[in-house]
1. Any idea which of (1) under 17 Å from Thr280 (Cβ atoms); (2) out of contact with any Phe, Trp or Tyr (no Cβ under 7 Å at 6 or more places or on another chain); (3) modelled with pLDDT of 95 or more is the one Leu219 doesn't satisfy?
2. Please determine, by comparing only the residues of the range 345-373 that are assigned to a helix (DSSP H, G or I) and modelled with pLDDT under 90, which one is surrounded by the most Cβ atoms within 10 Å (Cβ to Cβ).
3. Does Gly146 satisfy the condition of being modelled with pLDDT of 95 or more and at positive phi?
4. When only residues in the range 133-163 that are outside any strand (DSSP E or B) and β-branched (Val, Ile, Thr) count, which is surrounded by the most Cβ atoms within 10 Å (Cβ to Cβ)?
5. Would you please name the residue that is farthest from Leu243 (Cα to Cα), looking only at residues in the range 289-344 that are outside any loop (DSSP other than H, G, I, E, B) and among the basic types (Lys, Arg)?
6. For the range 44-101, which positions are part of a strand (DSSP E or B) and either at pLDDT 90 or above or touching a His at 6+ places or on another chain (Cβ under 7 Å) (or both)?
7. For the range 117-141, what are the residues that are over 17 Å from the mean Cα position of the chain (by Cα) and of a type in the set (S, T, N, Q)?
8. Look at Val335 and say whether it is within 19 Å of Arg192 (Cα to Cα) and buried (at least 20 other Cβ atoms within 10 Å of the Cβ).
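The values are calculated or read from the model by the stated rules, or taken from the named source; none is laboratory data. Here the structure is a predicted model, which is why all the values come from computation and not from measurement. Reconstructed Cβ throughout: ideal geometry from the backbone, glycine too, with neighbour counts over all protein chains shown.
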Amino acid sequence: MGVEIQPNETKTGKETPGNNGIGAPPPPLVLGLQPAALVDHVAKVDWSLLSQISGEPGGSFPVVAEELKRILSEVNTHILCSPDNLSSSKTIAGGSVANTIRGLAAGFGVNCGIIGACGDDEQGSLFMTNMSSYKVDLSRLRLKSGQTAQCVCLVDEFGNRTMRPCLSGAVKVQANEITQQDFKGSKWLVVRYAISNLDIIHAAVLIAKEEGLSISLDLASFEMVRKFRLPLLQLLESGNIDLCFANEDEATELLRGEEDANYEAALELLSKHCKWAVVTLGSNGCIAKNGKEVVRVPAIGKEKATDATGAGDLFASGFLYGLIKGLSLEECCRVGSCSGGSVIRSLGGEVTPENWQWMYKQMQNKGLPVPDLANSKS
């Protein structure tokens, strides 16, 4: 892959804040594993473009570089005009894990870092600038010679999103590059299921467990669950996953072919292997289980939904914040509903300052602990 900049170095070779050294800041409380840094190209488009793309609408499945280029070349001629004069397209740092980590850092003030790699190209620079602007620790992000992964996120008039990531040829961190030092002092590792990263996920999870971290797993997409269900079940059955997030479609795919293939049965299955199991149900809220306790919580902010991109990722941000604060299962879900509702109010998986304020107000109204940084965002 060419020259690699190690986690505790910058391009100039000077030491950056990490886990070692006198006066160094504390290690991130929450780490995200995103082997390949990703840049999202988000656009609100008409249905005619969505009908030209292979695969089912609403999910996320990888495409080759040629297909990504073709889709991007068509986007401008299919963009829907925004009635409120807001931009109908944007390019930001993306990826499910990055969205969750950025949300925890930006909206909840949690000390977060990311493990992965990005290319020394324009997209890589954009990714690092965006994440570092929210004080996400990038000392575990390896900078390599090569391309940064990209994803096109197409949003229809109803706010539903269809994602087509292109990972082929992109740089990423390898399993043998992940070390114990990456996890020293941290408490949580956030992971997203992907068959192409399975060896990296297994390596990271095993080391993280040795260092005493809890593991949060997102099931990624219904296509990923459908096509690679067995390796996913094996990962869950390993007993290493403490918290699992699935949306309704992903949960149902876990039980495809079985008589009781529904999200409630899937929640039971997940809860057998994970301490906390959560199934998000879009506008119908969520259902979660911890031990024998099962709670249902309604969605918040659905009437103002503009784009579902990042809804599950930001729900995870809020839920994890709740666990870190020692809240009850129901309260964790309520915080998740507030943060998930905040991101769907604008385009892309990045919450605007105005929508963070909206979230804080919702939390306050529901008697939930509002992050200390809320006043500084006023």
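1. (2)
2. Our first condition is that a residue be assigned to a helix (DSSP H, G or I); within the range 345-373, this holds for 353-365, 372-373.
Within this subset, residues satisfying the condition of being modelled with pLDDT under 90 are 372-373.
Details: Asp372: 9, Leu373: 15.
Within the range 345-373, the match that is surrounded by the most Cβ atoms within 10 Å (Cβ to Cβ) is Leu373.
3. Working: modelled with pLDDT of 95 or more: yes; at positive phi: yes.
Taking the combined requirement at face value, the residue satisfies it.
4. So in the range 133-163, the residues outside any strand (DSSP E or B) come out as 133-136, 138-140, 145-146, 148, 156-160.
This time we only want the ones that are β-branched (Val, Ile, Thr), so: 136, 148.
Numbers: Val136: 24, Thr148: 26.
Only one residue fits best here, namely Thr148.
5. The initial filter retains those residues of the range 289-344 that are outside any loop (DSSP other than H, G, I, E, B), namely 289-290, 293-297, 302-304, 311-324, 329-343.
Filter once more, keeping what is among the basic types (Lys, Arg): 289, 296, 302, 304, 334.
Working: Lys289: 10, Arg296: 17, Lys302: 25, Lys304: 29, Arg334: 16 Å.
Result: Lys304.
6. Step one: of the range 44-101, the residues part of a strand (DSSP E or B) are 44-45, 60, 79, 89-94.
Of everything in the range 44-101, those that are part of a strand (DSSP E or B) and either at pLDDT 90 or above or touching a His at 6+ places or on another chain (Cβ under 7 Å) (or both) turn out to be Val45, Thr91, Ile92, Ala93, Gly94.
7. Selection gives Gln123, Ser125, Thr129, Ser133, Ser139.
8. Values: within 19 Å of Arg192 (Cα to Cα): no; buried (at least 20 other Cβ atoms within 10 Å of the Cβ): yes.
Judged against the criteria, Val335 is not a match.
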